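Some notes on the structure that comes next.
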Amino acid sequence: LEEGRAVVTDAASADLRRIERDLHDGAQARLVALAMDLGLAKEKLAHDPDTAARMVDEAHGEVKLALQELRDLARGIHPAILTDRGLGPALTHLTTRCTVPTTVHTDLPHRPAPAIEAIAYFTLSELLQNISKHSNATHAHIDIWRTDDRLLLHTTDNGHGGATTTHGTGLTGLTERLHSVDGLLHIHSPHGGPTTITAELPWR
């Protein structure tokens with residue numbers, strides 16, 4: 001229990017630091033620069049309207065980028081589609097950002113507990129990132145179903161294999177996070193592939 005509590009606390013602290021860093025280095029910095037640019041444009045408006053118009057146009061582009069960064073950050077905290085529509089649609093949307101073509105099959109009679117649903121989403125998000133970055137796969141597939149009181153998430157890819165929890169990889173942290181809620185991560189990834197990873201979570 002103490003180890004599980006420590007993992008959850010450390011994970012929450014790391015997430016808060018990531019959010020703070022992303023806000024400070026991303027959207028906040030962009031908005032500060034935007035305010036300065038608009039101030040300069042306001043000063044030039046009377047005697048150099050052409051330059052002022054160009055600066056306002058550039059500022060408009062910066063606003064769009066800042067909004068996109070904030071949307072990405074909000075999605076990283078808790079995506080709205082997960083709250084509104086559930087795990088299946090949220091994962092289908094998530095796969096559109098994966099560089100490896102990925103199909104999803106969901107067989108859930110109803111939605112699990114919100115906390116479990118969120119953990120499942122971010123677990124699969126990290127697994128898809130690993131597939132994109134490390135697998136050299138050309139296709140991946142996700143299966144999601146319920147067995148008794150467990151939620152099962154099964155990913156497969158036809159990459160070169162070799163996925164492991166040793167050497168401090170992201171799979172190590174993922175395993176610890178799942179353990180903190182009585183979950184499990186099963187990895188079968190021989191060299192040469194394919195890789196199959198199954199995550200088990202309590203339904204409630």
Residues in the range 114-153 that a label on THR198 would reach, taking backbone N under 15 Å of a point 7 Å out along Cα→Cβ: 142-153
Going by a ≥ b ≥ c, the root eigenvalues of the Cα gyration tensor, does the range 69-142 fall in the rounded group (a/c under 1.5), the prolate group (a/b larger than b/c) or the oblate group? oblate
Stretch ARG17-GLU58 to full length: gain in nm at 0.36 nm per residue minus the Cα-Cα span? 11.7 nm
For the pair THR147 and VAL32, the simple spin-label estimate (label points 7 Å beyond Cα toward Cβ) gives in nm 5.2 nm
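From the square roots a ≥ b ≥ c of the eigenvalues of the alpha-carbon gyration tensor of the range 93-189, which class results: rounded (a/c under 1.5), prolate (a/b over b/c), or oblate?
Numbers: a/c = 1.88, a/b = 1.24, b/c = 1.52.
It is oblate, given that a/c is not under 1.5 and a/b is not larger than b/c.
Using a 10 Å cut-off on Cβ atoms, rank the peptides 108-116, 133-141 from the highest mean neighbour count down.
Ranking the peptides 108-116, 133-141 by packing returns 133-141, 108-116.
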Only Cα pairs within less than 10 Å get springs; with that Gaussian network setup on the chain, which residue of HIS78, HIS60, HIS179 has the largest fluctuation? HIS60
For the peptides 86-99, 15-28, what is the packing order when you average, over each peptide's residues, the other Cβ atoms within 10 Å and list the highest mean first? 86-99, 15-28
What are the DSSP H helices in the chain that stretch 15 Å or more along their long axis, judged by alpha-carbon atoms, and whose average Kyte-Doolittle hydropathy comes to at least 0.0? 29-44, 114-130
What order do GLU200, GLU58, GLU126 take when sorted by accessible area (1.4 Å probe), most exposed first? GLU58, GLU126, GLU200
Taking a label point 7 Å from the Cα of THR51 along Cα-to-Cβ, the residues of the range 12-45 whose backbone nitrogen sits under 12 Å from it are 40-45
If you take the charge dipole of the chain about its Cα centre, with +1 on Lys and Arg Cβ and -1 on Asp and Glu Cβ, which of LEU1, ALA118, VAL32 is farthest toward its positive end? ALA118
Work out the charge dipole of the range 127-180 with +1 on the Cβ of Lys and Arg and -1 on the Cβ of Asp and Glu about the Cα centre, then indicate which of GLN129, THR175, LEU152 is farthest towards its positive end. GLN129
For the chain, what % of the accessible area comes from carbon and sulfur atoms, probe 1.4 Å? 57 percent
Using the Cα centre as the reference, give the magnitude of the dipole from point charges on the C-beta atoms of the range 36-161 (Lys, Arg: +1; Asp, Glu: -1; all else neutral), rounded to the nearest 20 debye. 240 debye
GLU3 to HIS134: extension gain in nm, 0.36 nm per residue of separation minus the Cα-Cα distance? 44.2 nm
With all protein chains present and a 1.4 Å probe, the order of VAL63, VAL100 from largest accessible area down is VAL63, VAL100
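The values are calculated or read from the model by the stated rules, or taken from the named source; none is laboratory data. Because the structure is a prediction, the values reported are computed rather than measured. Reconstructed Cβ throughout: ideal geometry from the backbone, glycine too, with neighbour counts over all protein chains shown. Ligands, DNA and RNA are excluded from the accessible area calculation, which covers all protein heavy atoms including side chains. Shrake-Rupley method; radii C 1.70, N 1.55, O 1.52, S 1.80 Å.
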